[in-house]
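Down below is the structure, laid out as structure tokens.
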Amino acid sequence: MSFEKTPGWLDWYAGPSKPRFQVPAGAVDAHCHVFGPGDQFPFAPERKYTPCDASKDQLFALRDHLGFDKNVIVQATCHGADNRALVDALKASNGRAKGVATVKRSISDAELQELHAAGVRGVRFNFVKRLVDFTPKDELLEIANRIAPLGWHVVIYFEAVDLPELWDFFTSLPTTVVVDHMGRPDVSQPVDGPEFELFVKFMREHENVWSKVSCPERLSLTGPAALDGEQNAYRDVIPFARRIVETFPDRVLWGTDWPHPNLKNHMPDDGLLVDFIPHVATTPELQRKLLVDNPTRLYWGD
Ligand code: 0GY
């Protein structure tokens, strides 16, 4: 089956630069996706976008090029709750990839066990309205209670403005909870302003909450190129990510977000994204925790 990409869709960056920052041995890219290929793994009828293909082999080639050892592949909304492309990638990874799936309450225990055997260690609950239709919270809580005994966690994706409304639900989850992209802060606001303070409080008061300090390219207003001669790409995101890494060094993860769904203005060079890391994790110890110790404990701990 061939699919027509969403108009204006930006394909992933071919030929990424070699990062100047060398990631430590055993580093994990803890947030990335596979798309299709659509003729092999059709996109879900309920999807909100149709992406370009981004195969497991292309992902593994990027992993090697950037110097990473492993991946955590997160089910993308364009595949709905059909996890076949994800499972195919996990099985082909020789144990070097774990997964985060999307499941419905109708999933059987045997199907959950199959996902576990393939390397799935979490489910994703998505609250970003442009990406998914609403799922009732009682259904999500039921899923969380079913996956908790497997030792899995819940990944949550939401916009910062929605945190107050979602707070009670998030804090009722019975598992480790991993937040995508720091809860998508508005980085034009102060890093110690009320919006980001609420996110810091969320993590401070709930020790089961982790955060990915990923996606500067999604959050940044200054973008990849320096406007005033300063060298740092995505520099307006640095104070936010750095604050989270330094405050919660044992509960942070980092990922490329390859192949970068739904970017409208530019497609990042993944090598440049890796060079963002030492700006937010500024010592070898913080870098090791962020890239090796934390993801290994969460995903390969068993
Ligand atoms: C991300 C971000 C986005 C998309 C998805 O599953 C997805 O479709 O996660 C987005 O559009 O912000 O983390 O990949």
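Some notes on this structure:
- Test: ILE277 is within 17 Å of the chain's Cα centre (by Cα), modelled with pLDDT of 95 or more and crowded, with 24+ Cβ neighbours inside 10 Å: no
- Close pairs (6 angstrom Cβ cut-off, 6 or more residues apart or separate chains): touching a residue at least 60 places away in the same chain (Cβ under 8 Å) in the range 154-182, more than 12 Å from the ligand (Cβ to nearest atom) and hydroxyl-bearing (Ser, Thr, Tyr) anywhere: MET182/SER211
- Those residues of the range 10-34 which are open to solvent by less than 30 Å² (accessible area, probe 1.4 Å), outside any strand (DSSP E or B) and closer than 23 Å to VAL100 by Cβ, in sequence order: VAL23, GLY26, ALA27, HIS33, VAL34
- Total residues in the range 107-136, condition exposed (fewer than 14 other Cβ atoms within 10 Å of the Cβ), hydrophobic (A, V, I, L, M, F, W, C) and within 16 Å of the ligand (Cβ to nearest atom): 1
- Considering the range 164-210, the residues that are of a type in the set (D, E, K, R) and within 16 Å of the ligand (Cβ to nearest atom) include one that is surrounded by the fewest Cβ atoms within 10 Å (Cβ to Cβ), namely ASP186.
- Evaluating ILE73 against the criteria (1) closer than 21 Å to LEU263 by Cβ; (2) among the β-branched types (Val, Ile, Thr); (3) out of contact with any Cys (no Cβ under 9 Å at 6 or more places or on another chain) leaves one unmet condition, (3).
- Count of residues meeting criterion [in a loop (DSSP other than H, G, I, E, B) and at negative phi] in the range 108-154: 12
- When the range 78-90 is filtered for residues that are assigned to a helix (DSSP H, G or I) and either open to solvent by 20 Å² or more (accessible area, probe 1.4 Å) or without any contact (Cβ under 8 Å) to a residue 24 or more places away in the chain (or both), the ones remaining, listed by number, are ARG84, VAL87, ASP88.
- For the range 35-48, filtered to residues that are within 11 Å of the ligand (Cβ to nearest atom) and crowded, with 17+ Cβ neighbours inside 10 Å, the residue that is nearest to the chain's Cα centre (by Cα) is PHE35.
- Considering each residue of the range 51-60 in turn, none proves to be open to solvent by 10 Å² or more (accessible area, probe 1.4 Å), closer than 15 Å to VAL274 by Cα and not in a helix (DSSP H, G or I).
- Whenever a residue of the range 41-67 is modelled with pLDDT of 95 or more and hydroxyl-bearing (Ser, Thr, Tyr), its partners that are open to solvent by less than 40 Å² (accessible area, probe 1.4 Å) and away from the ligand (no atom under 15 Å from the Cβ), lying with C-beta atoms within less than 6 angstrom and at least six residues away or across chains, give the pairs SER55/PRO37.
Residue by residue, here is whether (1) within 18 Å of the chain's Cα centre (by Cα); (2) within 12 Å of the ligand (Cβ to nearest atom); (3) of a type outside the set (Lys, Arg) holds:
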{"position": "THR6", "(1), (2), (3)": "no, yes, yes"}
{"position": "ARG20", "(1), (2), (3)": "no, no, no"}
{"position": "GLY26", "(1), (2), (3)": "no, no, yes"}
{"position": "THR50", "(1), (2), (3)": "no, yes, yes"}
{"position": "LEU66", "(1), (2), (3)": "yes, no, yes"}
{"position": "VAL74", "(1), (2), (3)": "yes, yes, yes"}
{"position": "ARG84", "(1), (2), (3)": "no, no, no"}
{"position": "ALA89", "(1), (2), (3)": "yes, no, yes"}
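The values are calculated or read from the model by the stated rules, or taken from the named source; none is laboratory data. Everything numeric in this text was worked out from a predicted model, so none of it was measured. Glycine also receives a Cβ, built like all others from the backbone with ideal geometry; neighbour counts cover every protein chain displayed. To get the accessible areas, we keep the full protein, side chains included, count just its heavy atoms, and leave off ligands, DNA and RNA. Shrake-Rupley method; radii C 1.70, N 1.55, O 1.52, S 1.80 Å.
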